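Working notes for the structure below.
What follows draws every value from the coordinates through simple rules; no lab data is involved. If you're wondering where the values come from, they're calculated on a predicted model, not measured in any experiment. Methodologically, a virtual Cβ is constructed for each residue, glycine included, from the backbone with ideal geometry; neighbour enumeration extends over all protein chains shown.
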Amino acid sequence: MEEIRFDILQLKAEYRERQFRSLRELSQAGLTVDAGQYRQVYSDTCPSDVSLDEIYTRFNLDRPEDFKGWSLSVGDIILLHQRDGSHAYFVDSIGFEEIPGFAMRLDLEASLAQETLKRPEAMIITLRGASREEQGFAYTQEDAILAASGAIGHLRAEMGQDGADFHADWTGHAASGLPDGFNAYLDTLISALRTNPAFDKLLANRDSLSRYCYGHRSGKIPDEDNSYAFRVDGGGYSTILRLTPDCGEYNVYAYCYQREKLDKILSEIQRTKAHAYTPVYRRTAAYARESGELEAWRASHRENIACRDAIDKAIAKHFDGAHLDRQALSTVFDAYGAERVYYVLANSVITKEYDGRFSRDNRAWAQAENVAVERTEFGYTRNDEFACRSHPAVLDGYIQMARRETETPAIEKSATIPYPSGQSGRQSIRSLLREKQARTRADSAPQKHPSRTPKRESL
């Protein structure tokens, strides 16, 4: 019998709070299965026809003596290296779920880790829209947050009246100064974003920046007139870009962080937010009464009604008769949390099962949300009390937008960029780090408009 290699991967210590959480629970909390959060704890060979259940049983009931991890459980990864490639399987609450692309991302993480040991000839750069939590790091935070998130500093640039310039300066945030190799990273990154077609030359000029922002609405920052946030990863660093295409504004803010520290604090923010809301009670009032949990049901029911009202209000405010603005999501998600918003929206579809204006996809999603429906002998249901009253066609679009809200934004652009070698004739970003521009540009300096640059609250 042919043998194949398999690996057991378990969460690193700093991400242990994700252990025992199913894929559904991770999704509801806005989290994804990230290769960078796992470590290999065991590797061996096995017959090619071995089943995942057999591996699971072995690492629970008859663990090898040299196995140093914990008993295989929900949240762990089984990696099978087969003839057709490597396949990663997430140990779920019931069965196993294959995670497409996990093995490839794992190889990428290993490649990036080597950059700290040896300067590579090239760097993999990925670009995507920033998540809601990541958008907060496109602004200067309090000192404690800066330190915890591995903040290095930020670059600020404006493109002049004609939109073709790139006047930049640098503000440092790290008390220890710049990490080794950071100069080369930043120079490579900015150069790639300005000149490489793989990233649409998005920082080449203000026209390119505008086209990119308006073509990638996933990066739109809620409650701001015309600002967008994107995350760039590469070389062990993460950069959160805040882009504003308007003339008379600073067009680019690039906040740079140590990637591992940034991801850790983002995970902590997600966990804190999940505990800040009234728990969603997923049983009927009858069950709650019999179980002595009626007060929990009542508290959850009141929140459901309030959430329903907030959704209807947000839709009314942000629907212009033809288009629904994404800002309709922000206040509702912040006030009630993703789990309750989804519960109320799913309930709204279920209570209107007769209405054909909801998409088939949204109907299937609603049925899977485990909404408790309590019907009386007269056909009345308490669920009607927190069903949204907005027009079903508009509500259907809102549901579609909301479902995308907690998804990790997909990688939009990716490329392997060589590190710069030798000297070029132009001023590099590295030179901007070594010295502030001494001259003032009173005529061309951006005029700040308070209404368009609101003060941000700290995270």
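Close amide H contacts of A122 (hydrogens built in the peptide plane, cut-off under 5 Å, sequence separation of 5 or more or a different chain): Y419. Scalar couplings 3J(HN,Hα) for the range 126-140, obtained by applying the Karplus form with A = 6.51, B = -1.76, C = 1.60 to θ = phi - 60°, are 10, 9, 8, x, 6, 6, 4, 5, 5, 4, x, 8, 8, 9, 6 Hz; x denotes Gly and Pro. Of the GluC sites (Glu not before Pro) in the range 320-378, the ones in a loop by DSSP (not H, G, I, E or B) with at most 15 other beta carbons within 10 Å are E353, E374, E377.
If you keep only loop residues by DSSP, which chymotrypsin sites (Phe, Trp or Tyr not before Pro) in the range 1-41 have at most 14 other Cβ atoms within 10 Å of their Cβ? Numbers along the way, then the final one.
On the way: sites: F6, Y15, F20, Y38; in loops: F20.
Within the range 1-41, the qualifying chymotrypsin sites (Phe, Trp or Tyr not before Pro) (loop, at most 14 other Cβ atoms within 10 Å) are F20.
How much length is gained on full extension from D49 to R403, taking 0.36 nm per residue of separation minus their Cα-Cα distance? Length difference between fully extended and current span is 123.6 nm. Full extension of the segment from R63 to Q19, taken as 0.36 nm per residue of separation minus the current Cα-Cα distance, would add 13.9 nm. Over the range 208-297, the alpha carbon radius of gyration divided by the compact-protein estimate 2.2 N^0.38 Å works out to 1.73. Annotation note: trypsin sites (Lys or Arg not before Pro) in the range 1-79 located in DSSP loop regions with a Cβ neighbour count of at most 10 within 10 Å are K68.
For Y38, nonlocal amide neighbours, meaning residues 5 or more places apart or on other chains whose placed amide H falls under 5 Å from its own, are K12. The Cβ shell under 10 Å around P47 holds other residues with a net charge of -4, Lys and Arg each +1, Asp and Glu each -1.
Ignoring solvent entirely, what values of log10 I(q)/I(0) come out of the Debye formula for the range 285-405 at 0.19 Å⁻¹ when each Cα is a single scatterer? Those come out to -1.03, one per q.
Taking amide hydrogens as placed 1.01 Å from N in the peptide plane, the amide H of A151 sits under 5 Å from those of Q258, each at least 5 positions away in sequence or on another chain. The charge dipole of the range 285-405, taken about the Cα centre with unit charges on the Cβ atoms of Lys, Arg (+1) and Asp, Glu (-1), comes to about 240 debye, rounded to the nearest 20. The distance linking the range 6-31 with the range 34-74 is 16 Å (Cα centroid to Cα centroid, whole angstrom). Distance from the C-alpha centroid of the range 170-217 to that of the range 307-349: 34 Å, rounded to the whole angstrom.
3J(HN,Hα) along the range 321-333: x, 9, 10, 10, 6, 4, 5, 5, 8, 4, 5, 5, 5 Hz, from the Karplus curve 6.51 cos²θ - 1.76 cosθ + 1.60 with θ = phi - 60°, whole Hz, x for Gly and Pro.
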